[in-house]
Amino acid sequence: MTRPAILVLAAGRATRMRGRDKLMEEVAGQPLLAERVATARATGAPVWVTLPPRAERPGRWAALEGAGAGLIEVGDADNGMSASLRAGLAALPADCPALLVMLADMPEITTADITALLAPFDGTTILRGASAEGRPGHPVLFPARDFPALAALTGDAGARDLLRAEAGRVRLVPLPARHALTDLDTPEDWAAWRAARPRG
């Protein structure tokens, strides 16, 4: 492998949805998770997806049948985002030069946005998506040199501490509007987001 890979984090329990699975909410006529993976695959980069055990969320696994992505079961997903990062890193080929970490509950990230983060990859710089006005968000592209630090993370804070420690190597990549910030965690978030969408 000579190009960065994409890891879609989709192993969380979505407890704030009060019984609904946010990754199975319909977007563009399909479950959000399937739509997000298709969006990532359209870049041409290899895509992996972390998922909870199949018995816990069979719908997520079914939604990705034939999607062309590598599916990674995270048995200890209850330990937070760090568990998904470790599982994802363990699945990568040894020669993977970088990993773009993408959250599955961010429906406004486009293929063009992901390409904008992949294109400037230089082997050293951490490339982080930001809003149009420059507020840091997601996705984030980590060079292989950061893989050991990512694998050592614990809890559910993601790579926040690593990004802080390596601030001098972080370059913000502005994406349109609030693409890099919009995530949908509750039924109210979904209702507000859908209400603001243009109707065809």
Among the hydrophobic types (A, V, I, L, M, F, W, C), out of contact with any Phe, Trp or Tyr (no Cβ under 7 Å at 6 or more places or on another chain) and modelled with pLDDT under 95 - does that describe any residue in region 61-68?
yes
Contacts under 7 angstrom Cβ, first residue in region 128-150 being in contact (Cβ under 8 Å) with a residue 24 or more places away in the chain, partner aromatic (Phe, Trp, Tyr), 6 or more apart
141/121; 150/142
What's the total number of residues in region 90-132 that are exposed (fewer than 15 other Cβ atoms within 10 Å of the Cβ), farther than 23 Å from residue 23 by Cα and of a type in the set (S, T, N, Q)?
1
Pull up region 179-193, narrow it to residues that are of a type in the set (D, E, K, R) and surrounded by 14 or more Cβ atoms within 10 Å (Cβ to Cβ), then point me to the one that is modelled with the lowest pLDDT.
185
Filtering region 59-76 down to residues that are more than 14 Å from the chain's Cα centre (by Cα), open to solvent by 20 Å² or more (accessible area, probe 1.4 Å), aliphatic (A, V, I, L, M) and within 14 Å of residue 8 (Cβ to Cβ) yields 63, 67
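The values are calculated or read from the model by the stated rules, or taken from the named source; none is laboratory data. Computed from a predicted structure; not experimentally measured. Virtual Cβ from ideal backbone geometry, glycine too; neighbours counted across all protein chains shown. In case anyone asks, the SASA skips ligands and DNA or RNA and just uses the protein heavy atoms, side chains included. Shrake-Rupley method; radii C 1.70, N 1.55, O 1.52, S 1.80 Å.
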